[in-house]
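The block underneath contains the structure these notes are about, expressed in structure tokens.
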């Protein structure tokens with residue numbers, strides 16, 4: 001599910017998506033998914049897309065917090081953090097959880113249409 005959430009963030013142009021595996025280090029969540037947005041409106045659009053797509057799959061959102069610099073979606077085992085660039089740098093969750101395995105999701109390039 002964490003990778004799915006990361007891909008959903010990328011669909012709305014979230015950048016720098018990282019999945020952090022906390023299973024051996026934490027009891028409150030199994031994974032963090034971290035993404036960067038360009039502005040608060042962009043962060044809220046990414047969060048809305050994730051909420052809508054997971055809701056369609058029957059996945060319930062436990063808790064949400066939205067501010068103008070950081071949006072958090074808590075799905076229990078997966079906690080999603082969508083930051084503005086400077087806020088992400090300030091909190092540095094990747095460094096804070098540096099002992100946890102981390103996977104940077106490769107951004108998919110859009111397909112080019114072939115001329116006919």
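Odds and ends about this structure:
- The long axis of helix 2-11 is offset from the longest Cα principal axis of the chain by roughly 40 degrees.
- Of all DSSP beta bridges in the stretch 2-94, antiparallel share, percent nearest 5: 65
- Taking every alpha-carbon pair within the chain, the share separated by more than 16 Å comes to 58 percent.
- Between residue 40 and residue 1, residue separation times 0.36 nm minus the direct Cα-Cα distance comes to 11.6 nm.
- Between helix 40-56 and the chain there is an angle of about 90 degrees, using the helix long axis and the longest principal axis of the Cα atoms.
Read the figures in this text as sums done on the coordinates, not as results from a lab. Values in this document were obtained by computation on a predicted structure and should not be read as measured data.
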